[in-house]
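Before any comments, here is the structure.
The values are calculated or read from the model by the stated rules, or taken from the named source; none is laboratory data. Just so it is clear, the model here is predicted, and its values are computed rather than measured. Note that we place each Cβ from the backbone using ideal geometry, even for glycine, and neighbour counts take in every protein chain shown. Surface areas here come from the heavy atoms of the whole protein model, side chains and all, with no ligands, DNA or RNA. Shrake-Rupley method; radii C 1.70, N 1.55, O 1.52, S 1.80 Å.
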Amino acid sequence: IITDTIVTPGNTADGAVAADLIADLVNDPERGGDGEVFGDSAYGTGEFQQHLEDNNITSGCKTQPVATPAGGLFSKEAFTIDLNNQTVTCPNQVSVTIRRHADGAGTARFQRACVRCPKRASCTNSTSGRTISINANEEALATARARNRDPIWRARYRATRPQTECKLAHRMRGRHCARNARVT
């Protein structure tokens, strides 16, 4: 059931208005923030996943997987990110501190550790060593990615999302002629 829509310019990302679209779930005192939201990866940003978590709303939003570097190099998932201690540990068991930026995001740089590392060829092609970027909402993203790998979650997502997309596509063609915008 589509409960709300917001008209935005064509160059606005879908997820940019996601929090506004679910304001009724968050602000309804009878629901107490309880509910479930489904969305494609445009709604799977760290900020929106954190918003859902903070408001006790179950996320049915797909989160993009961690990008895998070209050439079969170690992905970010090969590194252990410890947000409690603000460290990242590489596959060679070297830990470095996360340096936070003003926006809450951060960077873990392995510059010196990469110089003589036996796993360097499997990790980075950069002459300055490997760098791992940490999202301001890294914990929410990691939780969402783990949830997205769960077979039960995947089955529920597949049973819900394609039906929604299909219904929207039906509205956009045929007698409604929504794909044939008229410009005069």
- Part-to-part distance (alpha-carbon centres) for segment 75-114 and segment 6-65, which is given in Å: 28
- Message: Relative contact order for segment 1-141: what percent, with Cα pairs under 8 Å and sequence separation of 6 or more?
- Response: 17
- Message: If amide hydrogens are placed 1.01 Å from N in the peptide plane, which non-local residues have theirs closer than 5 Å to the one on Ile134?
- Response: Gly106, Thr107, Ala108
- Message: Modelling each spin label as a point 7 Å along the Cα-to-Cβ direction, I'd like the Val94/Thr127 distance in nm, to one decimal.
- Response: 1.8
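Please report the relative contact order for segment 70-142, taking Cα pairs under 8 Å with a sequence separation of at least 6, and give it as a percent rounded to a whole number. Write out the running numbers ahead of the final one.
Working: 95 pairs, mean separation 20.4, N = 73.
Answer for segment 70-142 is 28 percent.
Using a 1.4 angstrom probe on heavy atoms only, work out the carbon and sulfur share of the accessible area of segment 62-116 in %. Walk me through the intermediate numbers first.
Numbers: 1690 of 3660 Å².
The computed percentage sits at 46.
How much length is gained on full extension from Val66 to Asp150, taking 0.36 nm per residue of separation minus their Cα-Cα distance?
Values: separation 84, 0.36 × 84 = 30.24 nm, distance 1.60 nm.
So the extension gain works out to 28.6 nm.
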- Query: P(r) for segment 1-130: what percent of alpha-carbon pairs falls in each 10 Å bin, starting at zero?
  - Reply: 11, 30, 26, 21, 11, 2
- Task: Quickly work out the Val17-to-Ala159 label distance, labels modelled 7 Å from Cα along the C-beta direction, and quote it in nm with one decimal.
- Result: 3.1
